[in-house]
Amino acid sequence: MSDYNLPIKELGETPLVGDGTTFSSITETVAHVTETKAPRAWWVGFLIAVSFTGVLGMAIGYLFWTGVGVWGNNTPVYWAWDITNFVWWIGIGHAGTLISAVLFLFRQKWRTGINRFAEAMTIFAVMCALIFPGIHVGRAWYAYYMLPIPNEMSIWPNFKSPLIWDVFAVSTYFTVSSLFWYVGLIPDLATLRDRAKTKLRRTIYGALAIGWRSSNRHWSNYERAYLLLAAFSTPLVLSVHSVVSFDFATSLMPGWHTTIFPPYFVAGAIFSGFAMVMTLMLITRAVYGLKSLVLMKHLELMNKIILTTGSLVGYAYAMEFFIAYYSGNDYERHVFLYNRASGPYAWAYWIMISCNVLSPQVFWFKRFRTSIPVMFVVSILVNIGMWFERFVIIVTSLFRDFLPSSWGYFRPTLIDFGIYAGSLGLFFTLFLLFIRWVPMIAVAEVKGVLPEADPHHGEHAAHEGEDHNHDEAEGDVAAAPAE
Amino acid sequence: MADKKPALYLAQYETPGACLHAAEKLRDAGYKNFDAHTPFPVHGMDAAMGMGDSKLGWIVLPAGITGCALAFTMMYWMNAVDYPIVIGGKPPGAIPSMIPIMFELTVLLSCLTTVFGMFGLNKIPRHHHPIFNSDRFAAATDDKFFISVEVEDPKFHLERTKKVLEGTHPTFIELVEDDADELGDDDKEAA
């Protein structure tokens, strides 16, 4: 058996960690962040984020007190920023599950450098998303009507409604993502427990690590659990955004009633999620010096995924247009030609096209794919573009109703802005707390992809004199730089 | 101070390979109650320890089927039996519209069972284990590899087991003790 963790040179593979990385240097690099004082930049970011979370609280309080009239939503635009934000946040979450589950099933070992980070982002993004369906119902204290619980009117939810499917899909998604994240965290929490210097830390991390003792009899079940969770999460993540798209696609609105929606939404979700991972990763990597664990290789691979999914989304935009033309349906044609590409919301449409379809095309060139400033700017543009995509889909399909007498134009209010900015504040608050207190890179998983992690690593090197003609002669050559 | 009694032998190794070969030796010597403690799952360790395949999948399968059946029964009973409603001209018990929720509940129950089933098979959360009485053991979550042999093993013998472990070239062997008193406050070191 040759070393299975060594890069295959013939395929152009390169190591997954920087030079000189050892088991203990990984522990040290990652655990160090949670054990030392937070840098000034963290405090500045945290205070800003917490302030915006306060704005969220006040804006939602005002909304509950006064009613949904405080938003710009009005006839005929009944859905606007509320659902735009919901879909945007849910979509961002999808990259985390894609990285942790789908890339795991495909044995993409490079995911170990970024998966913890991306999974945390998933959970926080889904939390932000869950706010919006809850508050957009107007009388939030009746939100429990969405659940199948017996009530005094002895009626049940209508299970033919995609909005009810959404309740089940998103809550399942949140539960499963949290479980997946926590299971991945257990060995790393045990690492923090074993390094703890104070009684308080030992007690808290000890309780969270639930007595993990790195036993191989445990690892056996643990790895099977991880595989099963990945296997369930993969179809789950596809189902969640498909169900979100059903909220639109099963209606009879021109602009929404299209069969391309599920795959189109899933591609867009992964696209926006990867962009958000990229934005956060670039900042954290620079602030905390994680360059030996998150290599340019990881960033380049992520940029390739952004390019792929961005082009898929571009294809979907083009196909929607073509089908509107090809269907021969006047209303459908009108929505795309006069309400989106031209008309009062053309500015939003063209922001969407330039951010989502044009900006990622720079990643065809290796020079831009490996340039940190370029990828940072593109990742921000994609986040903006994907927000506008949802805005365009929702508002431009609604604002010109079937009769010109009921046409309108949506303008956001200050409360709309406050709730959106506040949800960003909540997201960053949770995220900053995460990088402060939780190992932000999967320590045990990264150790497992080091060449030294292979029990047969260096075995032949040790006996080099005796069995040099062994079938692992090539392995020796490849192993040399890692020694 | 409570009396001490031996709980397990702990042997330390520097590389996953040395630990793997030690496990093979113990397996071949007929030990059953021994374990490897490694910072990450070591490839091939299950076979080296003579362990079978994880049974977790067999626990999760019925849970998944239950989730699916539960979702169907719930929706059919609520929308077609208890309070039938016709929506969009479709029959009250229309199956296609039930598929998303049947899928979601299958996944939800399966995943909950996967995680809690894994906890159950591993007998965690666990408050105390004598292995934590060793000061060296903290390195098991960092960069050292350990083999432990518990006194419950039918082949355990203070002298002979030590000899077998010495034959595996560990960098260190330690006899870890636990408080003899069952009710003793022995978790001070463990938390």
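In the stretch B:13-51, how many are closer than 25 Å to residue A:23 by Cα and polar (S, T, N, Q)? Within the stretch B:13-51, residues that are closer than 25 Å to residue A:23 by Cα and polar (S, T, N, Q) number 2.
With respect to the stated conditions, residue A:202 fails to be buried (at least 20 other Cβ atoms within 10 Å of the Cβ) and either within 7 Å of chain B (Cβ to nearest Cβ) or more than 30 Å from residue A:129 (Cβ to Cβ) (or both).
On inspection, residue A:23 passes the criterion of being within 14 Å of chain B (Cβ to nearest Cβ), over 25 Å from the mean Cα position of the chain (by Cα) and touching a residue at least 60 places away in the same chain (Cβ under 8 Å). Would you point out the residue of the stretch B:116-146, among those that are in a helix (DSSP H, G or I) and surrounded by fewer than 18 Cβ atoms within 10 Å (Cβ to Cβ), that is nearest to the other protein chains (Cβ to nearest Cβ)? In this case the residue turns out to be B:138.
For the stretch B:92-115, filtering for residues that are of a type outside the set (A, V, I, L, M, F, W, C) and outside any helix (DSSP H, G or I) leaves 2. All of B:71, B:63, B:36 fail the test of being within 21 Å of residue A:444 (Cα to Cα), crowded, with 18+ Cβ neighbours inside 10 Å and not acidic (Asp, Glu), apart from B:36.
Of the set (1) modelled with pLDDT under 90; (2) at the interface with chain B (Cβ under 9 Å from one of its Cβ atoms); (3) assigned to a helix (DSSP H, G or I), all apply to residue A:165 but (1).
Taking the stretch B:80-98 as the range and being facing chain A (nearest Cβ under 9 Å) and aliphatic (A, V, I, L, M) as the test, the residues that pass are B:85, B:87, B:94, B:98.
The conditions of being buried (at least 17 other Cβ atoms within 10 Å of the Cβ) and part of a helix (DSSP H, G or I) are not met by residue A:44. For the stretch B:36-52, does any single residue satisfy the condition of being within 16 Å of residue B:156 (Cα to Cα), in a helix (DSSP H, G or I) and at the interface with chain A (Cβ under 10 Å from one of its Cβ atoms)? No: the stretch B:36-52 contains no residue that is within 16 Å of residue B:156 (Cα to Cα), in a helix (DSSP H, G or I) and at the interface with chain A (Cβ under 10 Å from one of its Cβ atoms).
Would you say residue A:287 is of a type outside the set (Gly, Ala, Ser), surrounded by 17 or more Cβ atoms within 10 Å (Cβ to Cβ) and under 22 Å from the mean Cα position of the chain (by Cα)?
Numbers: of a type outside the set (Gly, Ala, Ser): yes; surrounded by 17 or more Cβ atoms within 10 Å (Cβ to Cβ): no; under 22 Å from the mean Cα position of the chain (by Cα): yes.
In short, no.
The single condition among (1) crowded, with 23+ Cβ neighbours inside 10 Å; (2) free of Cβ contacts under 8 Å to residues at least 12 places away in the same chain; (3) aliphatic (A, V, I, L, M) that residue A:190 does not satisfy is (2). Just give me the residues in the stretch B:1-33 being over 22 Å from residue A:444 (Cα atoms), within 12 Å of chain A (Cβ to nearest Cβ), touching a residue at least 40 places away in the same chain (Cβ under 8 Å) and surrounded by fewer than 21 Cβ atoms within 10 Å (Cβ to Cβ), in sequence order. Within the stretch B:1-33, B:32, B:33 qualify. For residue A:13, the conditions (1) assigned to a helix (DSSP H, G or I); (2) without any contact (Cβ under 8 Å) to a residue 24 or more places away in the chain all hold with the exception of (1).
You will find that of A:239, A:272, the residue that is of a type in the set (S, T, N, Q), more than 14 Å from every other protein chain (Cβ to nearest Cβ), in contact (Cβ under 8 Å) with a residue 60 or more places away in the chain and assigned to a helix (DSSP H, G or I) is A:272 and no other.
For residue A:196, the stated conditions do not hold, so it cannot be described as hydrophobic (A, V, I, L, M, F, W, C) and within 27 Å of residue A:415 (Cβ to Cβ). Confirm whether residue A:233 is surrounded by 23 or more Cβ atoms within 10 Å (Cβ to Cβ) and either assigned to a helix (DSSP H, G or I) or facing chain B (nearest Cβ under 7 Å) (or both). Yes; evaluated as a whole, the condition is true for this residue.
The condition of being part of a loop (DSSP other than H, G, I, E, B), over 24 Å from residue B:16 (Cα atoms) and away from every other protein chain (no Cβ under 14 Å) holds for only one of A:49, A:38, A:59, that being A:38.
Just one of the listed residues (B:60, B:107) is closer than 20 Å to residue A:166 by Cβ, at pLDDT 90 or above and within 11 Å of chain A (Cβ to nearest Cβ), namely B:107.
Taken as a whole, the condition of being surrounded by 14 or more Cβ atoms within 10 Å (Cβ to Cβ) and over 30 Å from residue A:301 (Cβ atoms) does not apply to residue A:316. Checked against (1) hydroxyl-bearing (Ser, Thr, Tyr); (2) within 11 Å of chain B (Cβ to nearest Cβ); (3) in a loop (DSSP other than H, G, I, E, B), residue A:258 passes all but condition (2). Among the candidates A:181, A:219, A:212, the residue that is within 14 Å of another protein chain (Cβ to nearest Cβ), within 28 Å of residue B:57 (Cα to Cα), buried (at least 17 other Cβ atoms within 10 Å of the Cβ) and out of contact with any helix residue (DSSP H, G or I) (no Cβ under 6 Å at 6 or more places or on another chain) is uniquely A:219.
Rundown of residues vs (1) assigned to a loop (DSSP other than H, G, I, E, B); (2) within 30 Å of residue A:321 (Cα to Cα); (3) hydroxyl-bearing (Ser, Thr, Tyr), yes/no style:
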{"residue": "A:388", "(1), (2), (3)": "no, yes, no"}
{"residue": "A:391", "(1), (2), (3)": "no, yes, no"}
{"residue": "A:396", "(1), (2), (3)": "no, yes, yes"}
{"residue": "A:405", "(1), (2), (3)": "no, yes, yes"}
{"residue": "A:420", "(1), (2), (3)": "no, yes, yes"}
{"residue": "A:423", "(1), (2), (3)": "no, no, yes"}
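The values are calculated or read from the model by the stated rules, or taken from the named source; none is laboratory data. Here the structure is a predicted model, which is why all the values come from computation and not from measurement. Reconstructed Cβ throughout: ideal geometry from the backbone, glycine too, with neighbour counts over all protein chains shown.
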